[in-house]
Amino acid sequence: MKTEEMEKENNKEQNIMRIFISKQSEAALGEILEQVNMGFEAGRVTRSDVANHVLLQFRRELSDERIQQIRSQHFDVVTQMESLLKKIKAGEKVPQAVLDAISGSYVGLNIPSKKAKKTLNIESIKDRHIESEAA
């Protein structure tokens, strides 16, 4: 193999990355590819072309709202708790509400959100029905 061919091969390998997608995403990619190529007689678009276009377009249109949506779909309580534990051990500031919730759930200091209702008994009822002679 010539040096020039080896350079081209190395460049191709450096510019290509593999990712794994779900079956649902694969089906969507196939549908998009079919629509793009339907009636397109001036060339041929590949799955990689479509995937690259979609990702680059998504990056340009990425918003804080979209970032939050993605994060909420992948939120994991255990990972969050491990992160908080690391911060606490390192002496970093953790929101007081989080510390209160943790303390309350484990130590029993949790203040009930509603006042407990007192039970009704006969002594607490002041207007008792007294039979009158007229009735």
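The values are calculated or read from the model by the stated rules, or taken from the named source; none is laboratory data. As the structure is a prediction and not an experimental result, all values here were calculated from the model. So basically every Cβ, Gly included, is an ideal-geometry build from the backbone, and we count neighbours across all protein chains shown.
Laid out as a table, the results:
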| item | result |
| --- | --- |
| Residues located in segment 38-74, provided they are of a type outside the set (A, V, I, L, M) and within 12 Å of the chain's Cα centre (by Cα) | Glu65, Arg66, Gln68, Gln69, Arg71, Ser72, Gln73, His74 |
| Neighbours by Cβ (under 9 Å, 6+ apart or cross-chain): first from segment 29-45, surrounded by 10 or more Cβ atoms within 10 Å (Cβ to Cβ); second assigned to a loop (DSSP other than H, G, I, E, B) and of a type in the set (Val, Ile, Thr) | Leu29/Ile21; Leu33/Val45; Leu33/Thr46; Val36/Val45; Asn37/Val45 |
| Residue match in segment 59-77 (condition: assigned to a helix (DSSP H, G or I), of a type in the set (Gly, Ala, Ser), without any contact (Cβ under 8 Å) to a residue 24 or more places away in the chain and surrounded by 10 or more Cβ atoms within 10 Å (Cβ to Cβ)) | no |
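Residue-by-condition table, conditions (1) modelled with pLDDT under 95; (2) farther than 30 Å from Ser105 by Cβ:
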{"site": "Phe20", "(1), (2)": "yes, yes"}
{"site": "Ala27", "(1), (2)": "no, yes"}
{"site": "Leu33", "(1), (2)": "no, yes"}
{"site": "Val45", "(1), (2)": "no, yes"}
{"site": "Leu55", "(1), (2)": "no, yes"}
{"site": "Leu62", "(1), (2)": "no, yes"}
{"site": "Arg66", "(1), (2)": "no, yes"}
{"site": "Ser83", "(1), (2)": "yes, no"}
{"site": "Lys93", "(1), (2)": "yes, no"}
